[in-house]
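The values are calculated or read from the model by the stated rules, or taken from the named source; none is laboratory data. None of these values were measured; they are calculated from a predicted model. Neighbour counts run over all protein chains shown; Cβ positions are idealised from the backbone, glycine included.
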Amino acid sequence: MYENLAIIALFAFVYSSIAGGVERTMVSGPMIFVAFGLIFGPIGLGILDFDISAIELRVVADLTLALILFIDAANADLGILKRNIKIPRRMLALGLPLIILSGFGIGVLIFDDLTLYELAILATMLAATDAALGKAVITNQAVPSPIREGLNAESGLNDGICVPILFVFIALAVGTDVQGSSMGLALKLVGQEIGIGLIVGLGLAAFGSWFLRACWERGWVTDIWGQIPVVALSMGSFTLAQSLHGSGYIAAFTGGLLFGHLAKKSTHKLVHAAEGIGETLALFTWVIFGAAVVGKVYEHFTWEVVIYAVLSLTVVRMLPIYLSLTGTGTDNHSKLFLGWFGPRGLASIVFAIIVLGENLPGGNTMALTVVCTVFLSVIAHGLTANPLANALAAKRSQT
């Protein structure tokens, strides 16, 4: 255990010292983290040997994603988002269902060993995008602000919307006796997940902002402890919503939006320290993913798995997003950009862990497909983030 921690600690020290230089290249942080896990893990030097359970990996991934969602939302410009709300609204209301449907259709053509419900589960798991992997684009000032805020809002909400849909398909796949039609159950679960997530996220953010401001005015908040409230509030929002059977992802994102709005000029100072903690958690999570997940299952990737993963990152997402933005006034280059930058990551990994726990016949195939898709996404979206962002900025400046 201590050897693993020592290696990761030294790696974190080195990377944090050169991160500014790395961010100016075509190589992203998650690419380096996963590569480090692969090189030092079982298929490489064999130095890192993680004995981590699926539940432990889920907890780490969940808390990392919750903190990143909260921070990205707190840093969002609500004025720009309000003026361009039609972009994320179309992507979520129309694009997301089409993505699940197209993923299901492609799965029918590729996989012979999965049932229809299992194909629907797979499509839903890979419909959720990852705020952590999308951070390189969302924080890139070269990307026009409406595009950045649109992607930020979509990645913050779509995984929370996918959770109840996933549970409906799982219930149908395992033959659970559900009352009413599957559509009725889906709507009920979606309403519950979103409703509880909103109440918890907005409620805690409102109380937290008021309480923190009151303590700040009395001089009770010190420079040292002032770095903790955002981290605690984000994780508290996520875990409380989850414990009440709501969406922790929606709670973290909407809570961050309100917190950033209420904090106003103090937002950057309050969020800054939490960003470092979020990046450190992401580093740890992706190193584990490379060493303990990809490094142990890559030999089981089949041609069906790889083809589906490639199509999931391209046609399955890009075409529905392009079609969903028709009539919004968004130019073709921006539509393609929005479609391409839907990286799969932590949320999909968590979904795969949930599905594996159900012991479905096609569980291993689905999990392998998710791992392969996320791995390819880390590489593809990491390599293209800065070049495509700069290309889009140049294209927009010419029009």
_Unique match (being buried (at least 21 other Cβ atoms within 10 Å of the Cβ) and not in a loop (DSSP other than H, G, I, E, B)) among 136, 93_ = 136
*Here are 77, 62, 51: which of them is in contact with a Ser or Thr (Cβ under 8 Å, 6 or more places away or on another chain) and acidic (Asp, Glu)?*
77
_I'd like to verify a number: residues in the stretch 242-253 that are farther than 20 Å from residue 345 by Cβ and buried (at least 24 other Cβ atoms within 10 Å of the Cβ), how many?_
1
*When you go through 143, 137, 163 one by one, which is the residue that is closer than 30 Å to residue 361 by Cβ and aliphatic (A, V, I, L, M)?*
163
*Identify, please: which residue in the stretch 223-279 is at pLDDT below 90 and among the polar types (S, T, N, Q) and is, among those, nearest to residue 164 (Cα to Cα)?*
247
*Checking residue 329 against (1) surrounded by fewer than 24 Cβ atoms within 10 Å (Cβ to Cβ); (2) under 15 Å from the mean Cα position of the chain (by Cα), which test does it fail?*
(2)
*Right, residue 120: of a type in the set (Gly, Ala, Ser) and surrounded by 23 or more Cβ atoms within 10 Å (Cβ to Cβ) or not?*
yes
*Just one of 165, 196 is modelled with pLDDT under 90 and among the hydrophobic types (A, V, I, L, M, F, W, C); which is it?*
165
_I'd like to check something: does the stretch 255-266 contain any residue that is in a helix (DSSP H, G or I), within 22 Å of the chain's Cα centre (by Cα) and of a type in the set (S, T, N, Q)?_
no
*Any hit, the stretch 86-103, residues being farther than 17 Å from residue 138 by Cβ and β-branched (Val, Ile, Thr)*: yes
*asked:* Going residue by residue through the stretch 3-21, is there one that turns out to be β-branched (Val, Ile, Thr), part of a loop (DSSP other than H, G, I, E, B) and closer than 18 Å to residue 285 by Cβ?
replied: no
_Of everything in the stretch 298-353, what is of a type in the set (Gly, Ala, Ser) and under 28 Å from residue 145 (Cα atoms)? Give them in sequence order._
312, 324, 327, 329, 334, 339, 342, 345, 347, 348
*closer than 25 Å to residue 388 by Cα and modelled with pLDDT under 85 - does that describe any residue in the stretch 84-92?*
yes
*So which residues in the stretch 293-316 are under 30 Å from residue 13 (Cα atoms) and modelled with pLDDT of 85 or more, if there are any at all?*
293, 294, 297, 298
_Selected residue (criterion: farthest from residue 40 (Cα to Cα)) from residues of the stretch 298-315 that are surrounded by 16 or more Cβ atoms within 10 Å (Cβ to Cβ) and in contact with a Cys (Cβ under 9 Å, 6 or more places away or on another chain)_ = 308
*Return a yes/no flag: does the stretch 222-229 have any residue that is closer than 16 Å to residue 70 by Cβ and assigned to a helix (DSSP H, G or I).*
yes
*Restricting attention to the stretch 108-117, and to residues there that are assigned to a helix (DSSP H, G or I) and at pLDDT below 95, which single residue is surrounded by the most Cβ atoms within 10 Å (Cβ to Cβ)?*
117
_Looking only at the stretch 357-378, how many residues end up being more than 16 Å from residue 346 (Cβ to Cβ) and assigned to a helix (DSSP H, G or I)?_
6
*Any chance you could count how many residues in the stretch 198-250 are at positive phi and over 23 Å from the mean Cα position of the chain (by Cα)?*
1
*Considering only the stretch 8-38, how many residues are more than 23 Å from residue 384 (Cβ to Cβ) and crowded, with 16+ Cβ neighbours inside 10 Å?*
3
*How many of the residues in the stretch 42-90 are in a helix (DSSP H, G or I) and of a type in the set (Asp, Glu)?*
3
